[in-house]
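I have placed the structure first, in the form of structure tokens, so that the comments after it can refer back to it.
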Amino acid sequence: MGKDTANHSILYIHGTPLDSGKANIIQVVSMCHALANNDIDVELALPETNIRRGEASDYIFKSYGIKMNFKVLFFKENYKNSTLNKYLSKDSIKKILDYSDANYVFTRIPNFLQLIINSGKKLIFESHNNILHNRISIIDRYWKYKIKHLIIKKNFTLFICISQNLGDFWLDNLIPKEKMLVLHDGFISNHFE
């Protein structure tokens, strides 16, 4: 996205609640912070939690040492089971997509890809693994099939992998080189002195 990012905005849709204590939410919050530091307007959409929108900034600073410079949106989950919500919270995600003025949507959740494509917004998908569903191989195969057919859409703009080996896997199997980018995950070094 380079130096012309001033007019860009990103809606990052993630499926882990802010107060989950999971490492991936720390990485997502850090990434949103870094994008915002590079003059990109960022909205982070997360499942509802006990934390209210007005309390998100304090929670992020106290928990992760990150001063929030992006907006947090919460979407309604329909079930207490997080797996069910990944598959059955599509109405809430559609409302977030309709509400957001972002021109890019960033996610690592394959379940939301079709909704994002249908919204007309530009899609950036980040892959952390060559397996899209760890427990059920037919679902893994389904998501790979779905990505293979969605990647050719004009608004599926970028497929990011977090390692070269992972990038090689996806290039060999599904993703055209012109839509692939390998970016290793980073971290905030002063948090680990």
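The values are calculated or read from the model by the stated rules, or taken from the named source; none is laboratory data. What you see is a predicted model, and the numbers here were worked out from it, not measured in a lab. Note that each Cβ is placed from the backbone with ideal geometry, even for glycine, and that neighbours are counted across all protein chains shown. Surface areas here come from the heavy atoms of the whole protein model, side chains and all, with no ligands, DNA or RNA. Shrake-Rupley method; radii C 1.70, N 1.55, O 1.52, S 1.80 Å.
Using the heavy atoms of the protein chains and a 1.4 angstrom probe, tell me the accessible area per residue for the range 101-182 in square angstrom.
On the way: 4210 Å² over 82 residues.
Normalised by residue count, the accessible surface of the range 101-182 is 51 Å².
Of the cross-linked pairs Lys144/Lys179; Lys121/Lys148; Lys67/Lys153; Lys95/Lys179, which ones have a Cα-Cα span greater than 25 Å in the structure shown?
Numbers: Lys144/Lys179 16 Å; Lys121/Lys148 18 Å; Lys67/Lys153 36 Å; Lys95/Lys179 27 Å.
The pairs that break the limit, which is 25 Å between Cα atoms, are Lys67/Lys153; Lys95/Lys179.
Sorted by average packing, counted as other Cβ atoms within 10 angstrom per residue and highest first, what order do 144-154, 124-134 take? Each step should come with its number before you reach the end.
Working: 144-154: 14.3, 124-134: 16.9.
Packing proxy ranking, top to bottom: 124-134, 144-154.
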